Amino acid sequence: MPVIDSHHHFWRYTEADYGWIPPAWSAIQRDFLPADLEREIAAAGVDGVVSVQARQSLVETDWLLDLATQYTFIHGVVGWVPLVDPAIEAHLDRYAAQPKLRALRHVLQAEADDAYMLREDFNCGVSALTRRGLAYDILILERHLPNALAFVDRHPNQVFVLDHIAKPGIAANELEPWAKNIRQLARRPNVSCKLSGMVTEADVTTWTPAQLQPYFDVVLAAFGPSRLLFCTDWPVCLAGVSYAGWKHTVETALSTLSASERAAVMGENAMRIYRL
C-alpha cells in the first residue's frame, strides 16, 4: 500500500515571511524546495506527499500548484484563498481547472480573535468549499477546540482535517482538557486528524517517544485508524526530529494495529479523504 505524507511545506525563506520560526530553530531558517523533499521521501520509503500552504497568499497557492505540475510525487495541494472575501466564488472559479487543489486552509491559530472561525463571512466561505468538494484543514491550538466544535457543527457535509492533533501542551505533559475536547470533536464523523506537529509542541531537545505515546493513544481511540493520517510537517519537524525519524516514531506508536489498519493511517486515508 502507498505511503503518503499528508502534510509538509515548501518555502523560500525570508525572515519577514517566516518570522514565526524562533532563533533556536535555525536549522529550518533556509529554503526547502522539492528537490530537498524528494531525497527525504526516497530515503524514508514515502511514495507521495500533500503540500500545505505556509503563507496566506494567492501567490503561494499558485506556486504550490505549479510545483505539483512539475513533480509527480506531489499528489495534492492544501492552498489558501481569502474565505472571508465576498468574491469567494470567483476565487474558487480561478482554481476549478486545477485537479491537484484538494483542500484549503486558514491560519486560525494566528488570528487575534479566537472566535474568528465563527464569523459569518468565514463560514460562508467554508460553505463554498463544500459545494466544490474541497476539504478544509483546521489549524488551531488546543484552546480553540471548543470553538472548533461549534464551527464543525455548522458544516455537517464538509470534509474537515484537523492539523497537528490541535497542538496540545505536550511540553508540560498536559492531557486535559485537550483529550476531552478531542474526543468530542472526533464524534463528528466528517472530521479526521493528522498525526504531526507533536515534537514541536514538546521540548524539541528532550522529547521522547514515551512522552508522545499518551497523545497518540488519545487520538487513536477517538478517531480510530480510519480517520488518522500520517504526516511529517517537514521541514518544521526538523527542529526536533529527522524526516525518517518521525516516520519511524509514528510507525512504532501504531505497532499494535493490524497491517490493514496501519496501511490506512500511513496512506490510504489520505488518498480517500483528499481524493488523491
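Considering only residues that are among the aliphatic types (A, V, I, L, M) and surrounded by 11 or more Cβ atoms within 10 Å (Cβ to Cβ), which ones fall in the range 18-37?
Within the range 18-37, 21, 27, 28, 33, 37 qualify.
Inside the range 186-238, can you point out the residues that are acidic (Asp, Glu) and under 22 Å from residue 264 (Cβ atoms)?
Within the range 186-238, 217, 233 qualify.
Any chance the range 164-176 includes a residue that's in contact (Cβ under 8 Å) with a residue 40 or more places away in the chain, surrounded by fewer than 23 Cβ atoms within 10 Å (Cβ to Cβ), in contact with a strand residue (DSSP E or B) (Cβ under 8 Å, 6 or more places away or on another chain) and under 23 Å from residue 53 (Cα atoms)?
The answer is no; no qualifying residue exists.
For residue 156, work out the one condition from (1) over 26 Å from residue 122 (Cα atoms); (2) exposed (fewer than 15 other Cβ atoms within 10 Å of the Cβ) it doesn't fulfil.
Condition not satisfied by residue 156: (1).
Could you run through the range 7-25 and say how many residues are within 21 Å of residue 205 (Cα to Cα) and of a type in the set (A, V, I, L, M)?
So the answer is 2.
Check off (1) farther than 20 Å from residue 24 by Cα; (2) surrounded by fewer than 21 Cβ atoms within 10 Å (Cβ to Cβ) for residue 203 and give me the number that stays unchecked.
Answer for residue 203: the failing condition is (1).
Residues in the range 207-218: is at least one among the charged types (D, E, K, R) and under 16 Å from the mean Cα position of the chain (by Cα)?
No: the range 207-218 contains no residue that is among the charged types (D, E, K, R) and under 16 Å from the mean Cα position of the chain (by Cα).
Quick check on the range 68-88. Is at least one of its residues out of contact with any helix residue (DSSP H, G or I) (no Cβ under 6 Å at 6 or more places or on another chain), over 25 Å from residue 14 (Cβ atoms), among the charged types (D, E, K, R) and at pLDDT 95 or above?
The answer is yes, given that some residue of the range 68-88 is out of contact with any helix residue (DSSP H, G or I) (no Cβ under 6 Å at 6 or more places or on another chain), over 25 Å from residue 14 (Cβ atoms), among the charged types (D, E, K, R) and at pLDDT 95 or above.
Among (1) part of a helix (DSSP H, G or I); (2) within 24 Å of residue 210 (Cβ to Cβ), there is one condition residue 152 misses while meeting the rest; what is its number?
It is condition (2) that residue 152 fails.
Please identify the pairs in which a residue from the range 263-275 that is without any contact (Cβ under 8 Å) to a residue 12 or more places away in the chain and surrounded by 24 or more Cβ atoms within 10 Å (Cβ to Cβ) has its Cβ atom under 8 Å from the Cβ atom of a residue that is of a type outside the set (Val, Ile, Thr) and part of a loop (DSSP other than H, G, I, E, B), counting only partners at least 6 apart or on another chain.
So the pair list comes out empty.
Contact list please: Cβ distance under 6 Å, first residue in the range 222-243 and free of Cβ contacts under 8 Å to residues at least 60 places away in the same chain, second residue in a loop (DSSP other than H, G, I, E, B), pairs at least six apart or on different chains.
From residues that are free of Cβ contacts under 8 Å to residues at least 60 places away in the same chain, the pairs are 225/257; 240/204.
Mind telling me which of the residues 227, 272, 262 ends up being of a type in the set (D, E, K, R) and farther than 16 Å from residue 7 by Cβ?
262
The values are calculated or read from the model by the stated rules, or taken from the named source; none is laboratory data. Quick caveat: nothing in here was measured; it's all calculated off a predicted structure. We place every Cβ from the backbone using ideal geometry, glycine too, and count neighbours over all the protein chains shown.
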